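Working notes, structure below.
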Amino acid sequence: MHVTPAVVVALVGAALVAAPAQAPQAPSPTPATHARTTPAAVVAALSTAATDQSLKGRTIVIDPGHQLGNSRFPRKINRLVDAGGLRKACNTTGTATASGYAEATFTWRVAVALRKQLRAKGATVVMTRDRNSRRLWGPCVDIRGKLGNKGYRGRERAADLKLSIHGDGAARSGRGFHVIVTGRRGAVVRSARLGREVRAALDERGFRRSTYTAGGRGFVRRTDLGTLNLSRIPTAMVELGNMRNPRDARTMRSAAGQRRYARALTTAVEAYLR
Ligand SMILES: [Zn+2]
C-alpha cells in the first residue's frame, strides 16, 4: 500500500481507538477484622462466588460493532481496506431503532455487560474498541478481524475466541437473532461450533430465531465479512435482533435486555471452552 500522511493519521487514530481496555484494579483485600464480624454463611457465599473462576487463563475478544461517531467521519470509514481477499469500506455507520437508538450504543452496552460477566469468571477480555463516542470512528474491519490472532500486535498466544456483536436493520415486520460464521474453506472450522453454542444459549434464554432470514435456523455462513475472514481464532458474529422491529427494539434498548443478551453470550463462551 502506498502510505500517505493521511493514511498514517487514520491508522494511528484507529490504533488509539482499538487499544484494549486496561485490566481493572484488583479489589483490595477485606481487612481481617471484617472476617470476625461477618456471619459465617455470608463468608461462605462470598468465597463460593469468588472461586467461580471457570474462565481463568482464557482470553476472549469482544468486538462491539461500529462506533457512534462513524457517520461524522465518512471519508475515514469509507476508505477501502483488505477484508480477506476483497476490499471493503473500513467500517459502516450501523443501524438504529425507529426512535434513533444507535446500533453502536447497543453493541457497546452488551459488550460492557459481557466483559463484566467474563471478568468475574476470571477471563482476560480484549475489546476492539474501548469507548462509545460521537467523537470517535472505527476501528476498521481488518483490525476487528485480526485482533486476537497470534503475532498480531505482538500477541504471543492466540486469544481463545472472538464474539462480534451487532444488531440488524431489516424490514419492520421481521424479528429475532441470527448467528454468522465464516463460509471460507480452510478457515477456522471451530467457528461453526462456537456459532452453534451461541445459538443454543440464545435459544435457551428465550430469544427467538430470526423470522426474516437464515431459513429459521438462526445460523448462516458468509464469505464477505472482513471481521470473520481475517480472524484466525474461533469467531462468531451475532445479529442479536432487528432494531427496526418495535418488539426487538424494546428489548435491545433496555438495560435488562442487554444483560440478558450478555448472559446468553457468557453461557455460550463457557459451553464452548468447557
Ligand atoms: Zn452491525
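Worth pointing out:
- Filter result (closer than 11 Å to H66 by Cβ and either in contact with a Pro (Cβ under 8 Å, 6 or more places away or on another chain) or aromatic (F, W, Y) (or both)) within the range 125-141: T128, R129, N132, W137
- Beta carbons closer than 7 Å, at least 6 apart along the sequence or on distinct chains, pair a first residue in the range 88-108 that is in contact (Cβ under 8 Å) with a residue 24 or more places away in the chain and of a type in the set (K, R) with a second that is buried (at least 21 other Cβ atoms within 10 Å of the Cβ) and part of a helix (DSSP H, G or I) for K88/V141; K88/G226.
- Selected residue (criterion: nearest to R172 (Cα to Cα)) from residues of the range 74-101 that are in contact with a helix residue (DSSP H, G or I) (Cβ under 9 Å, 6 or more places away or on another chain) and hydrophobic (A, V, I, L, M, F, W, C): A98
- Complete set of residues in the range 163-190 that are at pLDDT 95 or above and either more than 16 Å from the ligand (Cβ to nearest atom) or of a type in the set (G, A, S) (or both): S164, G167, G169, A170, A171, R172, S173, G174, R175, G176
- The residues of the range 147-176 that are in contact (Cβ under 8 Å) with a residue 60 or more places away in the chain, farther than 23 Å from R109 by Cβ and either hydrophobic (A, V, I, L, M, F, W, C) or surrounded by fewer than 17 Cβ atoms within 10 Å (Cβ to Cβ) (or both), listed by number, are K150, R157, A158, A171, S173.
- When A214, A249 are screened for being within 16 Å of the ligand (Cβ to nearest atom) and on the phi > 0 side of the Ramachandran plot, only A214 passes.
- The range 58-107, subset closer than 12 Å to V141 by Cα and small (G, A, S), residue modelled with the lowest pLDDT: G84
- Restricting the search to strands (runs of 3 or more DSSP E) fully inside the range 170-270 and requiring at least 2 residues that are of a type in the set (K, R) gives 219-222.
- Matching residues, the range 112-134, being touching a residue at least 60 places away in the same chain (Cβ under 8 Å) and of a type in the set (A, V, I, L, M): A113, L114, L118, A120, A123, V125, V126, M127
- In the condition set (1) within 16 Å of the ligand (Cβ to nearest atom); (2) of a type outside the set (K, R); (3) more than 17 Å from the chain's Cα centre (by Cα), V198 is compliant with all but (3).
- Flag if T223 is away from the ligand (no atom under 15 Å from the Cβ), at pLDDT below 95 and buried (at least 24 other Cβ atoms within 10 Å of the Cβ): no
The values are calculated or read from the model by the stated rules, or taken from the named source; none is laboratory data. Computed from a prediction, not measured in an experiment: that's the story for all the values here. Cβ coordinates were reconstructed from backbone atoms using ideal geometry, including for glycine residues, and neighbour counts include every protein chain displayed.
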